[in-house]
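One structure is given here, and the rest of the page talks about it.
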Amino acid sequence: MARPRKPLLSTDRIVETARALVDAEGLTAVSTRRLAAELGVSGPSLYNHFRTKDEILEAVADSVSAQVDLSMFEDGRDWRTALHDWAVSYRNALRDHPNIVPVLARGPGRRPAALRLADAAYGAMVEAGWPPAQATSIGALMRYFIMGSALGSFAGGFVDDASAYDPADYPHLGQAHLLAEQQEKIDERAFETGLTALLDGLALQYEQVRQRA
């Protein structure tokens, strides 16, 4: 029997194609018509896997959540080290797929990978001795911080034009036009600075929790 010329349509293939579109062109690029054309199939065939465009975007978002490493919550690392390493892996996944962040920011909903992510972080904090209410707050705090860092570049927000920063108007921005060329370095350093400060603050709270216990 001759093999089909095109790979068989599957949920994974649809999600991979949609994710590539989102990465390249943004959320608005995804439509059932566009996806069908990219996949070389008829539009109605997509409905055997997804009922709506929103379902497709939810699946794309969950495929990104699935890229976040969770092993640090299972291999004996202390809670602070685990949170740090998780935050780095989480941000790396979002940095590679920034256009899907607005969908991820809605919360996990019913997405399996996102729920596993939330469950792992929350469970590890409770097992480390954090009260459940504070463990919930830590999960929310980390998500705010990580997603906020992935929504845009601080350094990339400054134009590469010294004339835009007239010292008469902005006496402290004389080097601002140089920020964009060091975007990745500056953004990474800012993330690590904020993450360290956040974890230092949590460590102080943790000592208080242990003393009360």
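Please go through the stretch 46-61 and pick out each residue that is part of a helix (DSSP H, G or I), within 24 Å of residue 117 (Cβ to Cβ) and in contact (Cβ under 8 Å) with a residue 24 or more places away in the chain.
Of everything in the stretch 46-61, those that are part of a helix (DSSP H, G or I), within 24 Å of residue 117 (Cβ to Cβ) and in contact (Cβ under 8 Å) with a residue 24 or more places away in the chain turn out to be 56, 57, 58, 59, 60, 61.
Here are the criteria: (1) under 30 Å from residue 129 (Cβ atoms); (2) in a loop (DSSP other than H, G, I, E, B); (3) open to solvent by less than 80 Å² (accessible area, probe 1.4 Å). Tell me which single one residue 41 does not satisfy.
Residue 41 satisfies every listed condition except (1).
Any idea which residue in the stretch 166-192 is modelled with the lowest pLDDT, counting only those that are open to solvent by less than 70 Å² (accessible area, probe 1.4 Å) and aliphatic (A, V, I, L, M)?
Result: 180.
From the list 103, 159, exactly one residue is surrounded by 14 or more Cβ atoms within 10 Å (Cβ to Cβ) and over 25 Å from residue 78 (Cβ atoms). Which is it?
Details: 159 fails: surrounded by 14 or more Cβ atoms within 10 Å (Cβ to Cβ).
So the residue among 103, 159 that is surrounded by 14 or more Cβ atoms within 10 Å (Cβ to Cβ) and over 25 Å from residue 78 (Cβ atoms) is 103.
Test each condition in (1) part of a loop (DSSP other than H, G, I, E, B); (2) within 24 Å of the chain's Cα centre (by Cα); (3) surrounded by 12 or more Cβ atoms within 10 Å (Cβ to Cβ) for residue 9 and report the one that comes out false.
(2)
Determine if the stretch 113-123 includes at least one residue that is over 22 Å from residue 71 (Cβ atoms) and either open to solvent by 50 Å² or more (accessible area, probe 1.4 Å) or of a type in the set (Lys, Arg) (or both).
So in the stretch 113-123, the residues over 22 Å from residue 71 (Cβ atoms) come out as none.
Within the stretch 113-123, not a single residue is over 22 Å from residue 71 (Cβ atoms) and either open to solvent by 50 Å² or more (accessible area, probe 1.4 Å) or of a type in the set (Lys, Arg) (or both).
Just for helices (runs of 4 or more DSSP H) wholly inside the stretch 81-165: which have at least 2 residues that are in contact with a Phe, Trp or Tyr (Cβ under 6 Å, 6 or more places away or on another chain) and at pLDDT 95 or above?
Working: elements: 101-104, 112-127, 132-150.
Passing ranges, in order: 112-127, 132-150.
Do you know which of the residues in the stretch 1-26 that are aliphatic (A, V, I, L, M) and at pLDDT below 95 is nearest to residue 103 (Cα to Cα)?
9
The values are calculated or read from the model by the stated rules, or taken from the named source; none is laboratory data. Please read all numbers here as calculations on a predicted model, not as lab measurements. Glycine gets a Cβ as well: all are built from the backbone with ideal geometry, and neighbour counts include every protein chain shown. These area figures cover heavy atoms from the full protein model, side chains too; ligands, DNA and RNA do not enter into them. Shrake-Rupley method; radii C 1.70, N 1.55, O 1.52, S 1.80 Å.
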